[in-house]
Amino acid sequence: MRALVLAAMTMAVFSCSEEVEHTAPAIHDRDSVSMMTSYGVNTLISDSGVIKYKIVTERWDVNTVRQPSRWTFICGIFLEQFDEKFNIQAYIQADTAWYYDQLKLWELRGRVRVRNVNGLRFTSEELFWDGIKHEFYSNKFSRVVSPERTLQGTYFRSDERMIKYTVSNSKGSFVKPDDNAPGTASQGTAPGTTVPADTTAVPVLRPAATKHAATQKTATP
């Protein structure tokens, strides 16, 4: 009789232990699951009733559970930035992007390319676009090419239209006229024989850690 009782108790213990061993957590973490996934997207995005930009991407994931909530573009993204009158202000392209909707912050990674209507071209491996402060910034090596100058540095900051910008820890070059050379614009020289002065204002928005003097190139008459 005792043997039967012991055998029954042993079987019960083994059966309970087997049930525990087969209990496992969910395969997918709930925070990693997108609430929406769209493919082949070409759409306009508005903010406060104003169309801000156009998005073209192969894949768009929306996750409202993760903190902060975000949109993810793992297959690259192309953006057209608009002003209040729906005029194109800039073209933006990146290999990967995240948009934190609650913070109104874009994070662009990989081959980041920006070109505005004034002909300025920006390239880097990182760019943040703050929709609250209306500014761009990057802490990676960046290159800025405009009709007047070429600058490179490890810190970049600008307004939302990339008209007023600063590049710190930088080096670069820009054209400058030769004041001592005969035949300047004021002396009535024929068009095409002088080099215009660099007049683009580039205000410094915050002190740089280290500054290096920019290399100046004098154009040959």
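The values are calculated or read from the model by the stated rules, or taken from the named source; none is laboratory data. Note that the coordinates shown come from a computational prediction; the quantities given were computed from them, not determined experimentally. Here the Cβ positions follow ideal geometry from the backbone for every residue, glycine too, while neighbour counts run over all protein chains shown.
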Query - Filter pass, Thr64 being more than 21 Å from Phe156 (Cβ to Cβ) and β-branched (Val, Ile, Thr) - result: yes
Report summary line: Of the residues in the stretch 13-56 that are assigned to a loop (DSSP other than H, G, I, E, B) and surrounded by 10 or more Cβ atoms within 10 Å (Cβ to Cβ), the one that is modelled with the highest pLDDT is Met35
Query raised in the report: When both residues are 6+ apart or on different chains and their Cβ atoms are under 6 Å apart, which pairs have a first residue that lies in the stretch 117-138 and is farther than 14 Å from Ala90 by Cβ, and a second that is surrounded by fewer than 21 Cβ atoms within 10 Å (Cβ to Cβ) and among the hydrophobic types (A, V, I, L, M, F, W, C)?
Result: Asp130/Leu105; Tyr137/Phe128
Query raised in the report: What are the pairs, 6+ residues apart or on separate chains, where a residue within the stretch 64-75 that is touching a residue at least 12 places away in the same chain (Cβ under 8 Å) has its Cβ under 9 Å from a residue that is exposed (fewer than 15 other Cβ atoms within 10 Å of the Cβ) and among the small types (Gly, Ala, Ser)?
Result: Val65/Ser32; Arg66/Ser32
Requested in this report: Check Ser186, Ser158 and return the single one that is part of a strand (DSSP E or B) and either of a type outside the set (A, V, I, L, M) or at pLDDT below 60 (or both).
Outcome: Ser158
Report task. Would you check if there is a residue in the stretch 57-72 being in contact with a Gly (Cβ under 6 Å, 6 or more places away or on another chain) and surrounded by 15 or more Cβ atoms within 10 Å (Cβ to Cβ)? Result -> no
